[in-house]
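Working notes, structure below.
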Amino acid sequence: MLFLYRRKIRNAETLIKVDGKDLTKFLKDEGYDVEWYDLSYDSGRNAKGTMHYNPVAEKYKITLHTKHLTSEELVEFFSTIKVLKKLTVEYFNPYTGTTRTANCYRGDRKITMKWNRTDKGILYNSVDISLIEL
C-alpha cells in the first residue's frame, strides 16, 4: 500500500538537509513529497482467493522539487548528492509531525536546459530527484 503526502512549506528556515547541508534555497515552494510505503515478502492471493500479507518494514521516499536553477546553482545542488554512497537526510515527516533522519540513496537524475542566452547565461528547468530510504 502506498501513502502519498505533499507538504507545502513557505518561508521555512530549513526544510531539508542532506549530509548536513541545507538544500532549502534550491527548492520550489512545494518543497518535497514524502511517500510512506510498506515492504512485504511472499504476499498476494492464493488460488482460493485468500490474501496473505507478510510485512517486513516501512520505508520513506523523499522527492525534492527544485526551482529553475542557474549553472552555478545546479552544480552546487548536485555537489551534495553526487557521490555513490549513503546520504544522511534530515527532513520533516508529516506522518509523525516530527523531524526525522534517514539513511538514503539517490534516485535517477535528469537535467533539461530551459534556455542559453549570452546576456543571461544558462537556466535549467526544475529538477525532481528522489532520496530513497535504505
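Within the stretch 87-102, residues that are among the hydrophobic types (A, V, I, L, M, F, W, C) have Cβ atoms under 9 Å from residues that are assigned to a loop (DSSP other than H, G, I, E, B) in these pairs: L87/D19; V89/D19; F92/I9; F92/A12; F92/L15; A102/L134, counting only partners at least 6 apart in sequence or on another chain. In this structure, is R109 of a type outside the set (S, T, Y), surrounded by 12 or more Cβ atoms within 10 Å (Cβ to Cβ), under 18 Å from T66 (Cα atoms) and in contact with a strand residue (DSSP E or B) (Cβ under 9 Å, 6 or more places away or on another chain)? Yes. If you go through the stretch 24-46 and pick out every residue that is at pLDDT 90 or above, surrounded by 14 or more Cβ atoms within 10 Å (Cβ to Cβ) and in contact with a helix residue (DSSP H, G or I) (Cβ under 9 Å, 6 or more places away or on another chain), you end up with 1. Among the residues of the stretch 112-134, those identified as farther than 18 Å from E58 by Cα and not in a loop (DSSP other than H, G, I, E, B) are M113, K114, W115, N116, R117, G121, I122, L123, Y124, D128, I129.
The criterion of at least 2 residues that are more than 17 Å from S130 (Cβ to Cβ) is met, among strands (runs of 3 or more DSSP E) falling completely within the stretch 24-111, by 27-40, 55-66, 98-106.
Do we have N125 as in contact with a His (Cβ under 7 Å, 6 or more places away or on another chain), touching a residue at least 12 places away in the same chain (Cβ under 8 Å) and not β-branched (V, I, T) here? Taking the combined requirement at face value, the residue satisfies it.
When the residues of the stretch 1-23 are filtered to those that are at pLDDT 65 or above and either of a type in the set (D, E) or outside any strand (DSSP E or B) (or both), the one that is nearest to S126 (Cα to Cα) is L23. Within the stretch 76-129, the only residue that satisfies the criterion of being modelled with pLDDT of 95 or more and of a type in the set (G, A, S) is A102.
The values are calculated or read from the model by the stated rules, or taken from the named source; none is laboratory data. Note that this is a predicted model, so its numbers are computed, not measured. No Cβ is skipped: glycine too gets one built from the backbone with ideal geometry, and neighbour counts run over all protein chains shown.
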